[in-house]
1. Test each condition in (1) at pLDDT 90 or above; (2) at positive phi for TYR54 and report the one that comes out false.
2. Among all residue pairs at least 6 apart or on different chains, which show Cβ distances below 7 Å where the first residue, located in region 35-50, is closer than 19 Å to ASN76 by Cβ and the second is part of a loop (DSSP other than H, G, I, E, B) and at pLDDT 95 or above?
3. Would you mind stating whether GLU77 is within 17 Å of VAL13 (Cβ to Cβ) and either in a helix (DSSP H, G or I) or at pLDDT below 90 (or both)?
4. Anything in region 80-91 that is under 15 Å from ALA26 (Cβ atoms) and either of a type in the set (D, E, K, R) or at pLDDT 90 or above (or both)? List them, or say none.
5. Going through region 92-114 one residue at a time, which ones are among the hydrophobic types (A, V, I, L, M, F, W, C) and either within 18 Å of ASP20 (Cα to Cα) or modelled with pLDDT of 85 or more (or both)?
6. Among residues belonging to region 1-25 that are surrounded by 14 or more Cβ atoms within 10 Å (Cβ to Cβ) and in a loop (DSSP other than H, G, I, E, B), point out the one that is modelled with the lowest pLDDT.
7. Name, by its number, the condition in (1) under 30 Å from GLU111 (Cα atoms); (2) exposed (fewer than 14 other Cβ atoms within 10 Å of the Cβ); (3) modelled with pLDDT under 95; (4) hydroxyl-bearing (Ser, Thr, Tyr) that does not hold for SER69.
8. Return the pairs, sorted by first residue and then second, in which the second residue is modelled with pLDDT under 80 and part of a loop (DSSP other than H, G, I, E, B), the first residue lies in region 51-70 and is of a type in the set (S, T, N, Q), the beta carbons are less than 7 Å apart, and the residues are 6+ apart or on different chains.
Amino acid sequence: MAEILMTPEGKKVAINSKEDVEIYSAPHNPPNTGTSYTAGTDLLAHKARSGKIYFYTYRWSMWEGSQSSYELLTDNEAKQFLLEKAQGTGYNGLGYSGKERAEEYFPGIFEEDA
């Protein structure tokens with residue numbers, strides 16, 4: 001199901017978390033196995049008809065009564081999100097496919113620049 005998000009400029013972006021590219025997927029656990037991974041934030045990329053890529057987060061929870069939410073991010077915010085997920089975990093926090101997608105959308109993201 002498509003959701004409409006608004007850019008700061010007032011443009012409508014019709015996202016669909018089922019069809020858009022998932023760059024980072026937070027770990028999931030069924031509620032009956034503990035509470036470690038019963039809520040999380042995923043990062044997705046949506047390609048608009050104009051060809052522009054919009055990044056957004058999808059905050060989800062398995063807790064009854066919790067509302068899921070979406071938020072558009074700037075390119076820099078999306079990059080920072082990925083770097084934070086990778087920090088301290090090597091790339092394990094992103095998984096192999098997440099690392100590849102991060103590098104596809106942000107070439108050189110994990111290269112040393114110090």
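The values are calculated or read from the model by the stated rules, or taken from the named source; none is laboratory data. Everything quoted here is computed from the prediction, not taken from an experiment. So basically every Cβ, Gly included, is an ideal-geometry build from the backbone, and we count neighbours across all protein chains shown.
1. Just one mismatch for TYR54, condition (2).
2. If the second residue must be part of a loop (DSSP other than H, G, I, E, B) and at pLDDT 95 or above, the pairs left are LEU44/ASP20; ALA45/ASP20; HIS46/ASP20.
3. So GLU77 passes the test.
4. PHE81, LEU82, GLU84, LYS85
5. LEU94, ALA102, PHE106, ILE109, PHE110
6. Ranking the candidates gives SER25 first.
7. So SER69 meets the others, but not (1).
8. Close Cβ pairs (under 7 Å, with a partner that is modelled with pLDDT under 80 and part of a loop (DSSP other than H, G, I, E, B)) amount to SER61/THR38.
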